[in-house]
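One structure is given here, and the rest of the page talks about it.
The values are calculated or read from the model by the stated rules, or taken from the named source; none is laboratory data. None of the values given here were measured: they were computed from a predicted structure. Here the Cβ positions follow ideal geometry from the backbone for every residue, glycine too, while neighbour counts run over all protein chains shown. We work out accessible area using only protein heavy atoms, side chains counted, and drop any ligands, DNA or RNA first. Shrake-Rupley method; radii C 1.70, N 1.55, O 1.52, S 1.80 Å.
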Amino acid sequence: MTPLEALIRQEILANGPMTVARYMELCLMHPEHGYYVIRDPLGAAGDFITAPEVSQMFGEMIGVWVSLVWERMGKADFNLVELGPGRGTLMADALRVLGKAGASPEVWFVEASPSLRAEQAKRVRGAKWAARFEDVPAGPAIYLANEFFDALPTRQFLRAEDAWRERVIGLDKDGLIWGLSPPTDDRSGEVGAWREVSPLADDLVGQIAKRLTVAPGAGLFIDYGYTTDDRPDGPTLQAVRKHAYSDPLQHPGQSDLTWLLDFDALSGVFASKGCSSRVAEQGWFLAQMGIGNRAEALAKEAPDRSELIADALERLTAPDQMGTLFKVLGAVSPGLALPPGLEPAE
Ligand code: SAH
């Protein structure tokens, strides 16, 4: 039993079955045993690889998009704010592109993990940190997040035979088990349907949208997720450990837990505040930002690495890799036009 599992069992014994959100919060962010707190899980030696760790081209293409927005903001001074920056690789790569374009934003990182803050400090000089989004100063800003929202605690609900019930985690003699809370009063929807709600993600997206109405700026959020076109039927919580799927209730605190983001719901939040937004597939978006040309240029500079560069390009953009399941949402302040790459669909 992991030390964290012992604590989780105690909490269930004391308070009764635990919501999935509470379980995720403990597994990922417990101050002593949380997955992101005690390790750097990113990259080849860790449990999974994120897009910025696959290739410098990913962060560079984000930098291209940010520079396009900045031009539309009249090249005003701005904060470049990243939520959950991991090792800081995306920001370092984006800043190189921004520097060439003549932009030198003040960089703010929203990061809860001390070990990852140390990694970020190694790669980005002069950055500032906030443990909570609320502590980032307001003003003209562009907000970025890659694989951040999918790691925030989410609650899960099932339309059971009688009514909606919340999925919870309880205990039996062998360990942690799935269960359902008593029925709620809500009998809407079809039996068997699932709903996932992350109060923290909803709150953060709401705060960002609100800020975009107060000062000019934009948001670019990339995550594993779906729209109404490819909405999955079941619950989407999953665990990954050592580059393979694992059982979310096994090894609490030692595997990454994520869920799939509902991008239409996210766009809805921006629309409700009058911000234009667009959701696109990652592969398409990166192609619009010029990743093909960038890969060619890099291969020309370092011919011995051309195979690696081609592999990375494939990994980031191919439909059977990260190109389709990963989506990009771009949103801008009311009155600003969405820049190329994420302009509204015809
Ligand atoms: N964006 C990075 C890392 C993704 S992993 C990349 O693409 O490589 C998720 C990141 O979010 C980690 O940096 C983790 O420490 C951070 N994080 C998770 N929950 C958080 C919270 N509630 N507040 C702040 N940061 C959080």
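Go over the candidates 14, 21 one by one and state the one that is in a helix (DSSP H, G or I) and open to solvent by 40 Å² or more (accessible area, probe 1.4 Å). Among 14, 21, only 14 is in a helix (DSSP H, G or I) and open to solvent by 40 Å² or more (accessible area, probe 1.4 Å). Looking only at region 214-221, decide whether some residue is within 16 Å of the ligand (Cβ to nearest atom), at pLDDT 95 or above and not aromatic (Phe, Trp, Tyr). The answer is yes, given that some residue of region 214-221 is within 16 Å of the ligand (Cβ to nearest atom), at pLDDT 95 or above and not aromatic (Phe, Trp, Tyr). Count of region 295-327 residues, restricted to those that are surrounded by fewer than 19 Cβ atoms within 10 Å (Cβ to Cβ) and either of a type in the set (Phe, Trp, Tyr) or part of a loop (DSSP other than H, G, I, E, B) (or both), is 7.
Considered as a group, the residues in region 55-89 that are more than 10 Å from the ligand (Cβ to nearest atom) and assigned to a loop (DSSP other than H, G, I, E, B) include one that is nearest to the chain's Cα centre (by Cα), and that residue is 55. Taking each residue of region 5-28 that is more than 20 Å from residue 113 (Cα to Cα) and of a type in the set (Ser, Thr, Tyr) and looking for partners that are at pLDDT 95 or above and open to solvent by less than 70 Å² (accessible area, probe 1.4 Å) with beta-carbon atoms closer than 7 Å, six or more apart or interchain, yields 19/166; 19/168.
If the requirement is being of a type outside the set (D, E, K, R) and more than 28 Å from residue 138 (Cα to Cα), which of these qualifies: 160, 218? Don't jump to the end; show me each part of the working.
On the way: 218 fails: more than 28 Å from residue 138 (Cα to Cα).
So the residue among 160, 218 that is of a type outside the set (D, E, K, R) and more than 28 Å from residue 138 (Cα to Cα) is 160.
In region 243-265, is there at least one residue being open to solvent by less than 30 Å² (accessible area, probe 1.4 Å), over 30 Å from residue 32 (Cα atoms) and small (Gly, Ala, Ser)? Checked region 243-265: no residue is open to solvent by less than 30 Å² (accessible area, probe 1.4 Å), over 30 Å from residue 32 (Cα atoms) and small (Gly, Ala, Ser). Of the strands (runs of 3 or more DSSP E) lying entirely inside region 108-223, those containing at least 2 residues that are of a type outside the set (S, T, N, Q) and in contact with a helix residue (DSSP H, G or I) (Cβ under 7 Å, 6 or more places away or on another chain) are 141-146, 164-172. Within region 175-193, does at least one residue satisfy the condition of being in contact with a Lys or Arg (Cβ under 6 Å, 6 or more places away or on another chain) and within 11 Å of the ligand (Cβ to nearest atom)? Looking through region 175-193, none of the residues is in contact with a Lys or Arg (Cβ under 6 Å, 6 or more places away or on another chain) and within 11 Å of the ligand (Cβ to nearest atom). Being at positive phi and either free of Cβ contacts under 8 Å to residues at least 60 places away in the same chain or buried (at least 20 other Cβ atoms within 10 Å of the Cβ) (or both) is the filter here, so list the residues in region 164-210 that pass it. Matches in region 164-210: 189, 192. For region 129-163, a tally of residues being open to solvent by 50 Å² or more (accessible area, probe 1.4 Å) and either in contact with a His (Cβ under 7 Å, 6 or more places away or on another chain) or closer than 24 Å to residue 9 by Cα (or both) returns 1.
Each residue in region 104-119 was checked for being touching a residue at least 24 places away in the same chain (Cβ under 8 Å) and more than 8 Å from the ligand (Cβ to nearest atom), and 8 pass.
So residue 52 clears everything in (1) closer than 21 Å to residue 131 by Cβ; (2) of a type outside the set (Gly, Ala, Ser); (3) assigned to a helix (DSSP H, G or I); (4) touching a Ser or Thr at 6+ places or on another chain (Cβ under 7 Å) except one condition, right? Which one? Residue 52 satisfies all of (1) closer than 21 Å to residue 131 by Cβ; (2) of a type outside the set (Gly, Ala, Ser); (3) assigned to a helix (DSSP H, G or I); (4) touching a Ser or Thr at 6+ places or on another chain (Cβ under 7 Å) except (1). Residues that are more than 19 Å from residue 222 (Cα to Cα), near the ligand (Cβ under 10 Å from one of its atoms), among the aromatic types (Phe, Trp, Tyr) and open to solvent by less than 20 Å² (accessible area, probe 1.4 Å): does region 34-43 have at least one? Yes, some residue in region 34-43 is more than 19 Å from residue 222 (Cα to Cα), near the ligand (Cβ under 10 Å from one of its atoms), among the aromatic types (Phe, Trp, Tyr) and open to solvent by less than 20 Å² (accessible area, probe 1.4 Å). Identify all residues within region 328-338 that are crowded, with 23+ Cβ neighbours inside 10 Å and not in a strand (DSSP E or B); write none if there are none. Passing the criteria: only 333.
Going by the conditions given, is residue 213 among the polar types (S, T, N, Q), open to solvent by less than 70 Å² (accessible area, probe 1.4 Å) and over 24 Å from residue 19 (Cβ atoms)? So residue 213 fits the description; yes. Listed by first and then second residue, the pairs linking a residue in region 90-103 that is within 16 Å of the ligand (Cβ to nearest atom) to a residue that is open to solvent by 50 Å² or more (accessible area, probe 1.4 Å), with Cβ atoms under 8 Å apart and 6 or more places separating them unless they lie on different chains, are 91/123; 92/123; 93/56.
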